[in-house]
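Can you read through this structure? Questions will come right after.
The values are calculated or read from the model by the stated rules, or taken from the named source; none is laboratory data. The shown structure was predicted, so the numbers you read here are calculated from the model rather than taken from an experiment. FYI the Cβ positions are ideal-geometry reconstructions off the backbone, even for glycines, and counts take in every protein chain you see. Accessible surface areas use protein heavy atoms only, side chains included; no ligands, DNA or RNA. Shrake-Rupley method; radii C 1.70, N 1.55, O 1.52, S 1.80 Å.
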Amino acid sequence: MTPGRSVENALLAGPLVLFLLAVLGFPTVLSLVYGFSETGFQTLTAPQFSGLKNFRDATADPTFWQAAWFSLRFGAITALLQCGLGLALAVYLAPLARAHGWTVAILIIPMIVAPAMMGLMYRLVLHEFAGPVPHYLYSWFGWSPSFLGPANVFKTVVVAETLQWTPFAFLLFLTACQSIPQDLREAAAVDGTRPWRLFWKIELPLMMPTVFVALFIRFIDGFRVFDNIYTLVGAGPGGSTTSISIYIYESFLRRGEIGKALAAAILLFATAFVLLSVAQRLLRGRAP
Amino acid sequence: MTFRTCLRAGAAALALAAGGAANAEVTVLGWPGGPEEAALRAVTELYNAKADLAEENKVELLFTSRDGFFDKLQVDLAAGSTAFDINLIATYSIGRYAPFMEPVTLSDQAGAVFGDTVLKTMQFDGQQYGVPTDLSLHFLYYRTDLIDALLADDAAKAKYSEIAMKHLGKALEPKAPADWTWEDFVANALYFTQSINPESPTRYGTVIQAKNLLFNMMVFHSWPRSYGGNWMDDTGAITVDSEAFRTALSQAKMLFDLGATPPDSTSYEYAEANAAYASGQVAAMVQWNAAAGELTAAQAATGTTAPPAGPDGRFTHIHGLGLGLNKAAENKDGAIAFLQWLSTEEAALAYAKAGGAPGLASETAAKLVADRPDLVQVGEYASTYGFVMNGGTSENALSVYEAQAKEFTGYWAGTQDLDTALKNTAAAMTDLLK
């Protein structure tokens, strides 16, 4: 690259870099300062450096680990369910989507709804006395499960998340499925390969990088879940539906533990960063 | 529309906006939506119409969303926001906001208009931080048709006693709700639950809103308080791990375990609990006084009385919403003048007539018998049964409610036992109220 081009590049990239520094850099620096300080709402402008105390407090708090375990379970289960369902739908509906593109638009509608709205919608839909689902179950069978009761609440939030975000996985898999050269399938068919073997031995291996990316994205999204659970059931009885994001929110605003909340946020960021790095390494390792 | 017309329209809009801003120099951040907003708008209009009010002291109202209102307010106050001169406060949050607010001196009439009990809901460290605009307390709501039928039927009475004997160990007899103890409340809830009494006309005997939410703890507190429970004793020692809290928590837990409250009610808050009662499938419930209109509209045969009694008497949690002075206010004189006027009888009566729910002393409330008979009952209950837990206005009061909500709902939902719940609550409260 010539020196002239280099200066030109720096000039063109400069405004974007400055914008990112202002929008992302400032909150990051502030979070780091507060994360390592003794800070409350009354001392926002005068944080006192406290070293790793906030990190010790956060990691010594059983609720933090309860929230981390909830997020881990929720992220892993929803990612597996969404990707499993999304993959099955993509493979099964690929011919239909190829012939009638508009069907895809219908299938991705849940993804368009804001997660907080989705939580509020389920709060109404599943209410024993006002919701249509329990109403019809009572009318037809004289009984309805307690969807948001202690025994079922985890399953309910998992299903709600899965129904909303399976279309995302479906879209990724559909694109991957449609990008597989048609002549490969035709060659396999000429050789007498049965559909299941075609999927298992040819299509799935070719789609594996996408499967991996989808699993990873959905896990991260599930791990940091906040809005739909918070609007549906809040932190849950005894904190049973407290995700790590809900823990951070409640520590910060409800309990005024700003330093501890930001220490937990930094830990969340570090975890995501490590996972992302590992995933990238694995992806690179799989690349042909 | 031509380009020039558009410009003219834009200029006119700007002029209007500028003019509006110049006319409104005292900005009040109020409680959005509902009767509180309507009442505040009405009294503001009355105040702004006063002939001797200077232009720079006219009042403008500012409303945001109720969602996360107190969280946003906390951040605004901590940041020294000058976007408002007067802001909303609540009894349970005064301690948290006091460092960013200034005490106010109310009008000479305030004592006679509101009475000491209600004025105290806006005090912190012995100083008055606001004008009490709305008072919240609890009623026991019950289905008069169901209770009347029960009291008139000997076979039903026998069944009631049998159920009480089986689950409470006492052959209690049905009574009028005004005479209920909490044991009667439990017995009544069990009797009117179909899974216990298949002949019950309602699916559930009661509904307890038990979402892990601080406001639900306020509804629950009347229960342990009537057994002598409190957050702290006079020496400041935490007393939550007490027989009073154990009894109340265990009695409520019995209702969850026996299905006398909907199984989903561990996710219920105000709206869901009201919907349950309004459906006609619940016989009685303890709920905020604000729900009176909604519940009686849905179930016409609804009676109200004070919450049930315990060995220490009958109690209802009370708290007030009010308006106080932002320390960073840009027009303090104008703001103080408005707050002082708001604490006069003229303003309180206008506020009540416009739909607000001020806690008024009996003489003031008597002037509203024709327009707002419910306020007479609210005022009477507040002065007779009202209480605020020791530490209930402290800086960390909200966090105390939060800690209790987490632990107590965990016990009711079966995720932990009573000893653990109380031990964790006591530890959290010791840390928060030290």
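Yes or no: A:Gly86 within 13 Å of chain B (Cβ to nearest Cβ) and open to solvent by less than 20 Å² (accessible area, probe 1.4 Å)?
Judged against the criteria, A:Gly86 is not a match.
Then there is this: Against the condition modelled with pLDDT of 90 or more, touching a Phe, Trp or Tyr at 6+ places or on another chain (Cβ under 8 Å) and over 30 Å from B:Ser279 (Cβ atoms), how does A:Leu89 come out, does it pass?
Considered against the rule, which asks whether it is modelled with pLDDT of 90 or more, touching a Phe, Trp or Tyr at 6+ places or on another chain (Cβ under 8 Å) and over 30 Å from B:Ser279 (Cβ atoms), A:Leu89 comes out as yes.
Residues of segment A:47-84 being of a type in the set (Gly, Ala, Ser) and more than 20 Å from B:Asn424 (Cβ to Cβ), which ones?
The answer is A:Ser50, A:Gly51, A:Ser71, A:Gly75, A:Ala76, A:Ala79, A:Gly84.
Among (1) out of contact with any Pro (no Cβ under 8 Å at 6 or more places or on another chain); (2) under 27 Å from A:Thr241 (Cβ atoms), which single condition is A:Leu52 missing?
(2) is the only condition that A:Leu52 fails.
Follow-up question, since we're still on this one. I'm checking my understanding of the structure. Among residues of segment A:151-160 that are open to solvent by 50 Å² or more (accessible area, probe 1.4 Å) and of a type outside the set (Lys, Arg), which one is nearest to the other protein chains (Cβ to nearest Cβ)?
Looking at the filtered set, the residue picked out is A:Ala151.
I'd like to verify a number: residues in segment B:244-279 that are surrounded by fewer than 20 Cβ atoms within 10 Å (Cβ to Cβ), part of a helix (DSSP H, G or I) and within 13 Å of chain A (Cβ to nearest Cβ), how many?
Qualifying residue count, segment B:244-279: 5.
Listed here are the residues, each with its yes/no results for (1) in a loop (DSSP other than H, G, I, E, B); (2) under 23 Å from B:Glu346 (Cα atoms); (3) open to solvent by less than 30 Å² (accessible area, probe 1.4 Å).
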residue	(1), (2), (3)
B:Lys50	yes, yes, no
B:Leu61	no, yes, no
B:Thr64	yes, no, no
B:Val75	no, no, no
B:Ser81	yes, no, yes
B:Phe84	yes, no, yes
B:Ile89	no, yes, yes
B:Ser93	no, no, yes
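What's the total number of residues in segment B:97-139 that are closer than 30 Å to B:Pro308 by Cβ, of a type outside the set (S, T, N, Q) and open to solvent by less than 40 Å² (accessible area, probe 1.4 Å)?
11
Is there a residue in segment B:396-403 that is under 30 Å from B:Ala54 (Cβ atoms) and touching a Phe, Trp or Tyr at 6+ places or on another chain (Cβ under 9 Å)?
Scanning segment B:396-403 turns up no residue that is under 30 Å from B:Ala54 (Cβ atoms) and touching a Phe, Trp or Tyr at 6+ places or on another chain (Cβ under 9 Å).
Under the condition of being more than 12 Å from every other protein chain (Cβ to nearest Cβ) and small (Gly, Ala, Ser), which residue from segment B:371-430 is surrounded by the fewest Cβ atoms within 10 Å (Cβ to Cβ)?
Going through the qualifying residues, I end up with B:Ser383.
Can you tell me which residue among B:Tyr92, B:Tyr129 is within 14 Å of chain A (Cβ to nearest Cβ) and among the hydroxyl-bearing types (Ser, Thr, Tyr)?
B:Tyr92 is the lone residue from the list that is within 14 Å of chain A (Cβ to nearest Cβ) and among the hydroxyl-bearing types (Ser, Thr, Tyr).
Another question, then. I'd like to know if segment B:230-243 contains one or more residues that are within 27 Å of B:Gln299 (Cβ to Cβ) and assigned to a helix (DSSP H, G or I).
no
Right, here's the next one. Out of all the residues in segment B:322-351, which are in a strand (DSSP E or B) and either surrounded by fewer than 24 Cβ atoms within 10 Å (Cβ to Cβ) or small (Gly, Ala, Ser) (or both)?
B:Gly322, B:Gly324, B:Leu325
Restricting to segment B:134-162, name every residue that is at pLDDT 95 or above, within 30 Å of B:Asn396 (Cα to Cα) and not hydrophobic (A, V, I, L, M, F, W, C).
B:His138
Contact list please: Cβ distance under 8 Å, first residue in segment B:68-85 and more than 11 Å from chain A (Cβ to nearest Cβ) and over 15 Å from A:Leu44 (Cβ atoms), second residue in a helix (DSSP H, G or I) and open to solvent by less than 40 Å² (accessible area, probe 1.4 Å), pairs at least six apart or on different chains.
These pairs meet every condition: B:Asp85/B:Gly334; B:Asp85/B:Ala335.
Could you list, in sequence order, the residues of segment B:297-321 that are open to solvent by 10 Å² or more (accessible area, probe 1.4 Å), in a loop (DSSP other than H, G, I, E, B) and not small (Gly, Ala, Ser)?
Within segment B:297-321, B:Gln299, B:Pro311, B:Asp312, B:Phe315 meet the criteria.
Of the numbered conditions (1) surrounded by 15 or more Cβ atoms within 10 Å (Cβ to Cβ); (2) assigned to a helix (DSSP H, G or I); (3) of a type in the set (D, E, K, R), A:Arg98 satisfies every one except a single condition; which is it?
(1)
In segment B:186-211, how many residues are closer than 12 Å to B:Ile147 by Cβ and open to solvent by 10 Å² or more (accessible area, probe 1.4 Å)?
Selection size over segment B:186-211: 2.
While we're looking at this one, here's another question. Hey, among the residues in segment A:27-50 that are of a type in the set (Ser, Thr, Tyr) and open to solvent by less than 70 Å² (accessible area, probe 1.4 Å), which one's modelled with the lowest pLDDT?
A:Thr43
Can you go through A:Phe55, A:Phe129, A:Phe70 and tell me which one is among the hydrophobic types (A, V, I, L, M, F, W, C), in contact with a helix residue (DSSP H, G or I) (Cβ under 6 Å, 6 or more places away or on another chain) and either under 28 Å from A:Lys260 (Cα atoms) or open to solvent by less than 30 Å² (accessible area, probe 1.4 Å) (or both)?
Sole residue among the options that is among the hydrophobic types (A, V, I, L, M, F, W, C), in contact with a helix residue (DSSP H, G or I) (Cβ under 6 Å, 6 or more places away or on another chain) and either under 28 Å from A:Lys260 (Cα atoms) or open to solvent by less than 30 Å² (accessible area, probe 1.4 Å) (or both): A:Phe55.
Being open to solvent by 20 Å² or more (accessible area, probe 1.4 Å), more than 14 Å from chain A (Cβ to nearest Cβ) and farther than 20 Å from B:His138 by Cα is true for just one of B:Asp241, B:Asp179. Which residue is that?
B:Asp241
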